[in-house]
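Here is the structure we will look at.
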Amino acid sequence: MQLAIIGAGWVGVTTAAVFADIGHTVICADLNVERIQQLSTGQVPFFEPGLPTLLQKSLASGRLSFTANNAEAIKQAELVFCCVSTPTLADGRTDLNAITQVAQAFAQNHRAGAVLVIKSTVPAGTAATLRGYITESSQQPFAVASNPEFLAESTAIHDSMTPSRIVIGADEPATIDMIKRVYEPIIKNGAQVFTSDCATAEVIKTASNSFLATRISLMNQIANYAVQVGADPMGVAVGMGLDLRIGMVRPGVGYGGGCFPKDVEALLGEGERAGTVFTVLQAAQTANYFQRTRIYDRLSAALGGVAGKRIAIFGLAFKPKTDDVRDSPAVTLVDQLLHTGAQVVGYDPQVKSTIVNEHPGLVMATSALEAATGVDAVVLMCEWPEFKELDLSSLKQSMKGRILVDGRYVWSKKIIEDKGFIYVT
Ligand code: UGA
């Protein structure tokens with residue numbers, strides 16, 4: 001099928017490469033010319049395991065191309081997948097500016113019978129609103145559908161190729177059938193399809209993220225309690241996770257990134273406007289940001305104050321196997337430490353050293369041991385596999401002090417203490 005993808009971010013680029021790989025002809029558009037030039041030559045402007053290889057394969061097949069002109073992509077497409085970002089405005093509402101522009105471009109350029117498919121995470125009712133805008137200026141038949149994206153950064157290709165579910169919201173059975181045809185090879189591979197109206201599909205997305213975020217906050221409070229009563233927090237998490245109704249939830253310094261914090265905030269606001277007070281979500285949000293203060297307080301107590309101390313931060317990304325630092329707990333800690341007069345050396349396998357431009361005073365090292373050289377304490381904030389594999393004797397020798405703060409319960413307390421460190425969680 002002939003498809004357009006509008007928006008070349010994590011979701012857009014992955015979706016474009018995957019759709020081309022399963023046999024469709026795909027044009028991916030983004031207004032950022034530099035980004036489009038990079039992607040056209042097979043370079044991915046962010047770190048996502050496996051994506052450069054899949055992108056290059058799809059480009060080589062001749063089925064994937066890029067353009068900086070949305071209209072050009074829309075004109076040719078049977079289905080236009082909208083993957084632009086929907087950030088939060090200062091008043092807490094979702095900024096629908098980019099998505100509205102896509103709807104306007106669709107209205108002016110779409111083929112007869114084309115479908116605008118919303119993959120971006122949006123408040124309930126957005127598809128209906130966009131349908132209204134398009135009806136005002138379109139001369140041709142069209143449909144609007146909601147097909148929320150569930151891929152997670154770091155596993156984006158796997159999540160897209162073998163999703164547990166594909167949610168399709170649309171008013172007409174013919175539109176649902178068209179979207180099912182796009183996913184045919186993936187559905188044949190075992191993905192379940194759930195169909196509904198657009199508003200239901202829209203709520204499924206924000207509610208799923210909010211539910212997952214809430215589980216993490218509850219797990220984090222249980223872990224804090226486990227530390228206080230002398231239980232093993234990770235042992236508690238693994239033991240609970242064996243109950244299939246619960247599943248594994250990893251405790252740590254709280255959720256971050258471009259999705260959970262934003263979607264929890266958005267659902268809280270949307271609920272309030274609709275007359276639903278999400279008290280559980282409010283608590284989950286408060287508990288999440290408490291984790292960040294807590295780790296700072298635990299470090300400060302262990303050091304007897306952080307001012308003038310030299311501290312290494314292991315892992316700056318919001319989770320491993322990504323270079324994304326949006327609302328990252330590690331970055332919050334860096335800022336708190338710099339603000340209170342500590343010297344901070346960061347190390348992350350993928351986060352670019354240009355991060356120092358936004359955090360003056362932060363120094364970036366090129367390895368964990370380099371970051372740890374001469375420090376009073378090391379704080380692990382993101383569980384990249386290489387940190388667990390570090391040679392602890394070399395780490396101890398590099399450091400001046402012996403405080404190891406494990407924000408993600410990566411190490412075993414006993415092993416760390418046997419090596420002569422003070423283990424803080
Ligand atoms: C999340 C959802 O998992 C995706 O399904 C969704 O499509 C995506 O948001 C989105 O809305 O676009 P993502 O933010 O990439 O994906 O990452 P997750 O792996 O869900 O992690 C989110 C945060 O929760 C991270 O900070 C991570 O460290 C934390 N987390 C996750 C935990 O603390 N414990 C866990 O057990 C899992």
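Data overview
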| item | result |
| --- | --- |
| Estimated FRET transfer efficiency when R0 is 56 angstrom, pair residue 279-residue 389 (beta carbons, to 0.05) | 0.85 |
| Compactness of the range 196-279 as Cα Rg over 2.2 N^0.38 Å, two decimals | 1.29 |
| Mean projected area (nm²) of the alpha-carbon convex hull when the range 109-194 is viewed from all directions | 6.3 |
| Stokes-Einstein translational diffusion, the chain - Kirkwood Rh over all Cα pairs, 1.306 mPa s, 10 °C, in µm²/s | 69 |
| Long-range HN-HN contacts of residue 346 with modeled amide H, under 5 Å | 313, 363, 364, 365 |
| Viscosity 1.002 mPa s, 20 °C: Kirkwood-radius Stokes-Einstein D of the range 54-178 over Cα pairs, µm²/s | 136 |
| Order by protection proxy (mean Cβ within 10 Å, highest first), peptides 163-171, 7-15 | 7-15, 163-171 |
| Extension reserve of the residue 2-residue 326 stretch, reckoned as 0.36 nm per residue once the Cα distance is removed | 113.3 nm |
| The range 69-144 and the range 362-403: distance between their alpha carbon centers, rounded to Å | 47 |
| Test item: Cα-centred dipole of the range 117-176, Lys/Arg +1 and Asp/Glu -1 on Cβ, debye | 40 |
| Residues with amide H under 5 Å from that of residue 146, placed H, sequence gap 5 or more | 118, 169, 170 |
| Dimensionless Rg over Rh [the range 215-363; C-alpha; Kirkwood] | 1.00 |
| Cα-Cα P(r), the range 341-383, percent of pairs per 10 Å interval | 26, 61, 13 |
| Kyte-Doolittle mean at least -1.0, axial Cα span of 24 Å or more - DSSP H helices of the chain | 198-228, 279-303 |
| Mean shadow area of the range 332-425, taken as a quarter of the surface of its Cα convex hull (nm²) | 5.7 |
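Computed from the coordinates by the stated procedures, all read-outs in this text should not be read as laboratory data. No experiment lies behind these values; they were computed from the predicted model shown. Here the Cβ is made from the backbone with ideal geometry for all residues, glycine too, and neighbour counts use every protein chain on show.
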